[in-house]
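Participant: This is the structure I want to talk about, given as structure tokens.
Values quoted throughout were computed directly from the atomic coordinates according to the rules given, and no laboratory measurement underlies them. Bear in mind that the values here come from a model prediction, so they are computed numbers and not experimental data. Here the Cβ positions follow ideal geometry from the backbone for every residue, glycine too, while neighbour counts run over all protein chains shown.
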Amino acid sequence: MSEGYLEGQLLIAMPSIGDPRFEKTVIFLCAHSADGAMGLIINKLDEHVAFDELMEQLEIKVGKPKEQIRVHIGGPVETGRGFVLHTSDYQQDGTMTVGPKFALTATVDILKSIATSEGPERSLLALGYAGWGAGQLDTEIQANGWLSCDADTDLLFDDTLDDKWERAIGKLGIDPSFLASTAGRA
């Protein structure tokens, strides 16, 4: 990771974020540099898309996956594009390594591997992504719109989404009930 950049970290939306699309979101930052940032929301499901239906649309035969595969809302940009965030035990052409433990693949081949239980040990399928232009995320962080913390495999991939934001904040030793959505004056 480059000095001052948060690639491979979790971004945690503060109550003052001001954008309802990101309210109480936790985002895994896949890339962050002077050119901008890209990440995937890890705690919001897409209730309108089922994995089996997605595979049918892509004409991929589904075997018996080792676990139920849910489709997440990765963010508001390119919502028709799929991304698989996964453990680094799975690599193929087009896989982007994100730190020592994680990787990102956006090809149909990984979906085929997951559908036949030959994919990575743990993964998260998302449609769309969250993106920031050069300096935009840095400005939002400085304006107290986001906190960041280390990503861990359990928090990233576990299926319990209802309290993932609170658990991410808790990694920083912060009680979420003490956070206010507006700043006051003393």
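Participant: Give me Rg over Rh for the chain, both radii from the alpha carbons and Rh done the Kirkwood way, two decimal places.
Facilitator: Reported Rg/Rh, Kirkwood definition of Rh: 0.98.
Participant: Next question, about the same structure. For His72, which sequence-distant residues (separation of 5 or more, or a different chain) have an amide H within less than 5 Å of its own amide H, given hydrogens modelled in the peptide plane?
Facilitator: HN-HN under 5 Å from His72: Asp46, Leu125, Ala126, Leu127.
Participant: Taking 0.36 nm per residue of sequence separation and subtracting the Cα-Cα distance, how much length would be gained by fully extending the chain between Gln142 and Arg21, in nm to one decimal?
Facilitator: Extending this stretch completely gives an extra 41.6 nm.
Participant: Show me, for the stretch 28-39, the HN-Hα J-couplings you get by feeding each phi into the Karplus relation (A = 6.51, B = -1.76, C = 1.60, θ = phi - 60°), rounded to Hz, glycine and proline as x.
Facilitator: Result, ordered by residue: 8, 7, 7, 8, 7, 8, 4, 7, x, 8, 9, x Hz.
Participant: At what distance in nm do the modelled label points of Lys61 and Val77 sit from each other, each positioned 7 Å from its Cα along Cα→Cβ?
Facilitator: About 3.8 nm, to one decimal.
Participant: Another question, if that's okay. Along the Cα-to-Cβ line of Glu47, 7 Å from the Cα, sits a label point; which residues in the stretch 144-170 have backbone N less than 14 Å from it?
Facilitator: Backbone N within reach: 162.
Participant: Then there's this: Taking 0.36 nm per intervening residue step and subtracting the Cα-Cα distance, what contour gain separates Asp175 from Gln68 on full extension?
Facilitator: 35.3 nm
Participant: Taking every pair of Cα atoms in the stretch 1-93, average 1/r, invert it to obtain the Kirkwood radius, and report Rg/Rh to two decimals.
Facilitator: Value, to two decimals: 1.00.
Participant: Explain nothing, just compute: Karplus ³J(HN,Hα) = 6.51 cos²θ - 1.76 cosθ + 1.60, θ = phi - 60°, for every residue of the stretch 155-161 in order, whole Hz, x for Gly and Pro.
Facilitator: With coefficients 6.51, -1.76 and 1.60, one gets 5, 5, 9, 5, 7, 7, 9 Hz.
Participant: Shifting gears a bit: Between Asp89 and Asp154, what length comes free when the chain is fully extended (0.36 nm per residue of separation minus the Cα-Cα distance, one decimal in nm)?
Facilitator: This chain segment gains 21.9 nm when fully extended.
Participant: For the stretch 110-150 and the stretch 69-89, write down the distance between their C-alpha centroids in whole Å.
Facilitator: Cα centroid to Cα centroid, the span is 7 Å.
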